[in-house]
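*Asks:* If you scroll down you'll find the structure; I have some questions about it.
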Amino acid sequence: MTAAKKTKGSDSERKVLEHAHRGLQLITEYRPKLMGKVQAFMAEAMQAGVLDKKEKERIALGMALTQQCHYCIALHVRACKLAGVSLEEIMEVCGIGIMMGGGPVLTHMAEVERALNEFYLDENGDPI
């Protein structure tokens, strides 16, 4: 991707993730036992096994795209960065997501761009 500048006129992806986190805190306050089990399940599902963490994050990003969840897209782009997924790999995942989800997924590339601007590129649009 050759993004030369940050996306303008939209919230930071960090703010999107903070918003999602507040929602999780709310359900955790009212149903802590349930959320403990959900979080344990998710952590176990993402543990390296036959598939490593990097592969699981690429799959999760593709699924987030097909589910059209902007919270999940931001979360998994950030997690991909932490797992060592390259920008080129992200774009391949996006291509498969578009193949599987069609036009609605294609429109969610705007969410991917916002997350890439936040987690993959510096203020000048250079990879970090």
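*Asks:* Springs between alpha-carbon atoms under 10 Å, Gaussian network over the chain: tell me which of GLU111, GLU57, GLU89 tops the mean-square fluctuations.
*Replies:* GLU89
*Asks:* Oh, and also: Would you please give the FRET efficiency between VAL38 and MET109, computed as 1/(1 + (r/R0)^6) with r the Cβ-Cβ distance and R0 = 30 Å, to the nearest 0.05? All intermediate terms of the calculation are to be shown ahead of the outcome.
*Replies:* Working: r = 29 Å, r/R0 = 0.96.
Computed FRET efficiency for VAL38 and MET109: 0.55.
*Asks:* Can I ask one more? Quick one: check the C-alpha center-to-center distance for the stretch 76-127 versus the stretch 12-40, whole angstrom.
*Replies:* Each part's Cα centre sits 23 Å from the other's.
*Asks:* Assuming R0 = 30 Å, can you tell me the calculated FRET efficiency for the pair MET91 and LYS15, based on Cβ-Cβ distance, to the nearest 0.05?
*Replies:* Using R0 = 30 Å, I get an efficiency of 0.80.
*Asks:* Another question, if that's okay. What Cys residues in the chain are without a partner cysteine, judged by a Cβ distance under 4.7 Å?
*Replies:* Cysteines lacking a close Cβ partner in the chain: CYS80, CYS94.
*Asks:* Additional query: Once you have a ≥ b ≥ c as the square roots of the Cα gyration tensor eigenvalues for the stretch 12-87, tell me rounded if a/c is under 1.5, and otherwise prolate or oblate according to whether a/b is larger than b/c.
*Replies:* On the way: a/c = 2.22, a/b = 1.29, b/c = 1.72.
Judged from the Cα gyration tensor, the stretch 12-87 comes out oblate (a/c at least 1.5, b/c at or above a/b).
*Asks:* Do the sum for the chain: with -39,500 (n - 2.57) for every DSSP H run of n ≥ 4, divided by all residues, what is the mean residue ellipticity at 222 nm, to the nearest 500 deg cm²/dmol?
*Replies:* Details: 7 runs with 93 residues, N = 128.
Mean residue ellipticity, 222 nm, calculated: -23000 deg cm²/dmol.
*Asks:* Oh, and also: Using just the Cα positions, wrap the stretch 30-128 in a convex hull and report its mean projected area in square nanometres, one decimal place.
*Replies:* Details: hull surface 29.7 nm².
Averaging across all directions leaves 7.4 nm² for the Cα convex hull.
Just so you know, all these numbers are worked out from the coordinates, no wet-lab data involved. These figures come from a predicted structure and were not determined experimentally. Ideal geometry is used to build each Cβ from the backbone, glycine not excepted, and the neighbour counts take in all protein chains shown.
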